[in-house]
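Okay, so here's the structure we're looking at.
The values are calculated or read from the model by the stated rules, or taken from the named source; none is laboratory data. Note that this is a predicted model, so its numbers are computed, not measured. Backbone-built Cβ (ideal geometry, glycine too); neighbour counts: all protein chains shown.
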C-alpha cells in the first residue's frame, strides 16, 4: 500500500531522514517508534507532502506521490493527524468533521452530516457537536482529529503522529477501538507514531524503529525491544 | 443643547458618521479577510476601491443610467472579483508555490508595485479628471433630520454586502474552507483542500469588498485615479483599531471611526475630519496595543 525507497531529507548539513526503505502492506497497522529526534515526524511530513524529500521516492497503491502537493495526496486517500492537534479551533466540532468531508470533494451535505453524527456517537462526543473545538480537552481534541480522517470515503492509508500523547485511558481505549474497527471493516492501512508501547502492542503486529533518521530494525514489538541496538538508542550506550 | 451644540445637528452628524462607517468597515473587512486567509497584507486595496468606482461610473454613465445603480453594483463587484483573481494567479500565487523565503516582504513589494501600476494606469487612461455617476435619489428627512439619499443608499448597499459576506462564510462550503484556512493553512491542505485555488477566491472576494465600497461611494465622493488613497488610509486605521485579522474588529472599528469623525466635526471642526481617526488610533494603542479584538501573536 505504502512504500518508500531511499527516502532522504537533509536540512542543511543535518540528515533528518537517511535512506528510509519502508513497505507497509494493505490493511496493516504499522507502528513507528524511536527516541525523540529520530525523524519520525519528518518522515510523516515527507509522506504527506508538507515537506519535500531531498531524494528518494514514495509510492501509494502503486503510484508515486513525488511532486504531488499535500491536497492531491489527501484526495488519493493518504490522510494524517498532527502531534499537536491542528483543529480549526473557532469552528464547531461538527464543522471540523464536515470540512474534512468536503475537502476531499465528494458526497452530499446530507451524507456528510449523517456520517459525522455517526462518528460523534461512536466517539461519545455527540453532546459537544455544536461547541467550538477550542472547548475540547486535549484528549477530546486528539479524538476529534482522528475522526476527521474517517469522514473521508476514499481514505486508504492513515498516518497518525503521536495520537495518544496526553490522552486519558478511557479516550485512548475509544481511539484504539475505532482504529481496530476501521482497519477490520474497511481494510484501512495505518502507520502509527507513538511512544506508548502498551497501545502499540495492542494495535501493531509489526513495528519499525527509527533512530538518528535511519531505520534501525523492523519486526514484532517484543523482538525489537529486546534488541541491544534499540535499547542503546533509547537509553544511551553506557547502559548496555 | 449639549456642550453648546444643537442636539438635532449632533444626531444628524452621528447618523451620517455611522452611515459612512459601514463603508469604512467594508474596506477594512477586505484587508483583514485577505490577511486572515493568506497571511499577507494587500497594500493595493485602495486601487481596487478606485477600480470599483470607475467601473460603476462607466456602467452607470454609458449603459444603465443612475436609476439602475443597484444593477451596476453586482456587475462591478463581479468584474473586480475576476480582475483580483487573475492578478492573484499571476502575481501573488508564485510566492506560495516557489520557495520564496521572506514571503511577507515579497507580498509588500508586489502589492505596492500593483498600487503604483493601477494608479498610474488609471491616470494615463483617464487623466486627472474627476467624475460623478450622479444620483437621482431624493434627499429624505428622518423626523426633522435631512439625510442624503445617495449616502443612505450607499450605507444600505454596504449593509447588504456585509450580510451577503456573512452568509457566504457561514452557510457555504467555500466559506467553511475559508474559515478553516484562516486557522491553519497546513491542516486544510493535508485535509485535501486546494489552498491555491482557495487563496484566489479569498483575494477576489477581499478586493471585491473594496470595489463595492468604491462603487457605492462613487456618487457621494468623486471618481478619479487617486480616490483610493484616503479610504486605504482609513481602512488601515480601522485594522489597527479593531485588530488585524479580526472580522468583528473591522466592523466595530469601521463604525467607531465614522462616529469619531462625526463627533470631532461637531465638537471641534469639520476641517480636521481625517485627523480624528488617528487620535482614536493613538489613544487606543496606548490602552490596548493589540487593537480591540486582536490577539497577541504567538511565535511558532
* In the range A:130-155, which residues are assigned to a helix (DSSP H, G or I) and touching a residue at least 60 places away in the same chain (Cβ under 8 Å)? -> A:142, A:145, A:146, A:148, A:149
* **residue B:245, sole failed condition from (1) within 14 Å of another protein chain (Cβ to nearest Cβ); (2) over 18 Å from the mean Cα position of the chain (by Cα)** => (2)
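When you scan the range A:1-105 for helices (runs of 4 or more DSSP H) that lie fully inside it, which ones turn up with 2 or more residues that are more than 14 Å from every other protein chain (Cβ to nearest Cβ)? Even if it seems obvious, please write down each step before you answer.
Values: elements: A:40-48, A:70-75, A:93-103.
Per the criteria, A:40-48.
If you go through the range A:156-179, how many residues are in a helix (DSSP H, G or I) and either crowded, with 23+ Cβ neighbours inside 10 Å or touching a helix residue (DSSP H, G or I) at 6+ places or on another chain (Cβ under 7 Å) (or both)?
If we filter the range A:156-179 for residues that are in a helix (DSSP H, G or I), which is where we start, we get A:169-179.
Restricting the remaining residues to those that are either crowded, with 23+ Cβ neighbours inside 10 Å or touching a helix residue (DSSP H, G or I) at 6+ places or on another chain (Cβ under 7 Å) (or both) gives A:171-172, A:174-176, A:178-179.
Of the residues in the range A:156-179, 7 are in a helix (DSSP H, G or I) and either crowded, with 23+ Cβ neighbours inside 10 Å or touching a helix residue (DSSP H, G or I) at 6+ places or on another chain (Cβ under 7 Å) (or both).
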* Counting only residues that are at pLDDT 85 or above and part of a loop (DSSP other than H, G, I, E, B), which one in the range B:246-272 is nearest to residue B:158 (Cα to Cα)? -> B:246
* Asked: If you take the residues of the range B:96-116 that are crowded, with 16+ Cβ neighbours inside 10 Å and touching a residue at least 40 places away in the same chain (Cβ under 8 Å), which of them is nearest to residue B:154 (Cα to Cα)?
  -> B:115
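Within the range A:156-172, identify whether any single residue is free of Cβ contacts under 8 Å to residues at least 24 places away in the same chain and more than 21 Å from residue A:40 (Cα to Cα), and answer yes or no.
Just the residues of the range A:156-172 that are free of Cβ contacts under 8 Å to residues at least 24 places away in the same chain, to begin with: A:169-170.
From what's left, more than 21 Å from residue A:40 (Cα to Cα): A:169-170.
Scanning the range A:156-172 turns up at least one residue that is free of Cβ contacts under 8 Å to residues at least 24 places away in the same chain and more than 21 Å from residue A:40 (Cα to Cα).
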